[in-house]
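Note sheet for the following structure.
Please treat every number below as a calculation from the coordinates, not as lab data. It should be emphasised that the depicted structure is a prediction, and the values quoted were computed from it without experimental measurement. Cβ: placed from backbone, ideal geometry, glycine included. Neighbour counts: every protein chain shown.
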Amino acid sequence: MVAAVFYGPGDIRIETVPTPQAGPGDMLVRVKAAAVCGTDLRIFSSGFSRPDIDGSGKGRILGHELAGDVEEVGSKVTAFGPGDRVTVAPNIGCGTCAQCVRGFGHLCPDYKAIGVSLDGGFAEYVLFPAEAVAHGNVCRIPESVSYEEAAVNEALACCYNGMQACGTQPGDTVVIIGAGPIGALHLLLSKLAGAETVIVGDVIEDRLKSMKALGADVVVDSARDDLVEAVSEKTCGRGADVVIVACSSGDAQQQALELAAIGGRVNFFGGLPRGKDNVVLNTNLIHYKQLLVTGTTRSSIYQFRKTLDILASGRLDIKPVITARVTLNEIKRVFDSARELKHLKTVVLP
Ligand SMILES: [Zn+2]
Ligand SMILES: [Zn+2]
């Protein structure tokens, strides 16, 4: 099969590799869509964050947001069969540790991830290992949901996790720092949860324009205007009920505490690059404003299924967030030009 193989930072090659073979509990899936995630771009530029577990990446196929058709199932797989439309929550817990038994397999210290520590979706075929099938990671795609949307559902589920940590409610004012694909998905989810006003801040004008088109009430070009002032003005000095930091910036994390109203909830959604992760925070803002400051990463299988249901209901349209489609052969160009930040979500159609 043809696959985009990652060999180390900056080095991705289109190669012909052996098609994986499904063992008794495994499933072989023909990839129909695989979305490019910030995580993929980060691995491409600086390698794996857990090289001890994930390896140097030599020969790894990336891509953890994916959907496709079952090609073949192992002899022990009874719940799925050839032709089924499927997607997968990519983080596979061990199944027995304290986090796994709570249903938080995505927080399992020994988790494996399709597209990170296991081969992923930037290929013609991907193997769903027996644990993924047995633990419920594999999900049928509802009829009304396209392969592209099912692939992007992984990112949506992670945003849903962040939103749940903040308990966004009808009437809330939500500030999202970062107008990339994650900011866009947070915007759509916040609106669905009933947020009265969603304010998005970023420094890239084009991206702010797309946020406006997606339904942001206010966009703030923070290269020109002070975000804290703009939010204060919009909320009559109260600040925001919810602040989502949808970018990898320590400055934005600091600012989030200033932006939050008394009793506000903050989510540090984006991780920071290694070496830039010691950030000075004014903890008196947390103390005297009685803030709830949360961090979330990945999503549970339950959340993954919830957002798939939301997509199936037709109440949330993520299609406008998918702004580029490429073939496997073009994937290198996507990675090389990622810094131009031209697109929201790019989907690979092998
Ligand atoms: Zn992702
Ligand atoms: Zn576990």
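Computed values, structure above
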read-out: Helix runs (DSSP H) in the chain reaching 27 Å along axis by Cα, Kyte-Doolittle at least 0.0; value: 147-166
read-out: Prolate/oblate/rounded label for the stretch 159-295 (Cα gyration tensor, a/c 1.5); value: rounded
read-out: Between the stretch 118-163 and the stretch 11-46, the Cα center-to-center distance that results, in Å; value: 12
read-out: Lys/Arg +1, Asp/Glu -1 at C-beta; the stretch 159-295 dipole; positive extreme among Ile244, Leu189, Gln164; value: Gln164
read-out: Test item: Cα-centred dipole of the chain, Lys/Arg +1 and Asp/Glu -1 on Cβ, debye; value: 260
read-out: Residues Cys236, Cys166, Cys100, sorted so that the one with the fewest Cβ neighbours within 10 Å comes first; value: Cys236, Cys100, Cys166
read-out: Dipole of the stretch 159-295, positive direction: furthest Cα of Gly295, Gly201, Gly178, with charges on the beta-carbon; value: Gly295
read-out: Once the Cα gyration tensor of the chain is diagonalised, semi-axes √(5λ) in Å; value: 35, 21, 19
read-out: Cβ-based exposure ranking for Met1, Met211, in which fewest neighbours within 10 Å come first; value: Met1, Met211
read-out: Theoretical ellipticity at 222 nm over the chain - DSSP helices of four or more residues, -39500 (n - 2.57) apiece, nearest 500; value: -8500 deg cm²/dmol
read-out: The chain: most fluctuating residue of Arg238, Arg333, Arg298 per GNM, C-alpha cutoff 10 Å; value: Arg333
read-out: Cβ-based exposure ranking for Lys276, Lys342, in which fewest neighbours within 10 Å come first; value: Lys276, Lys342
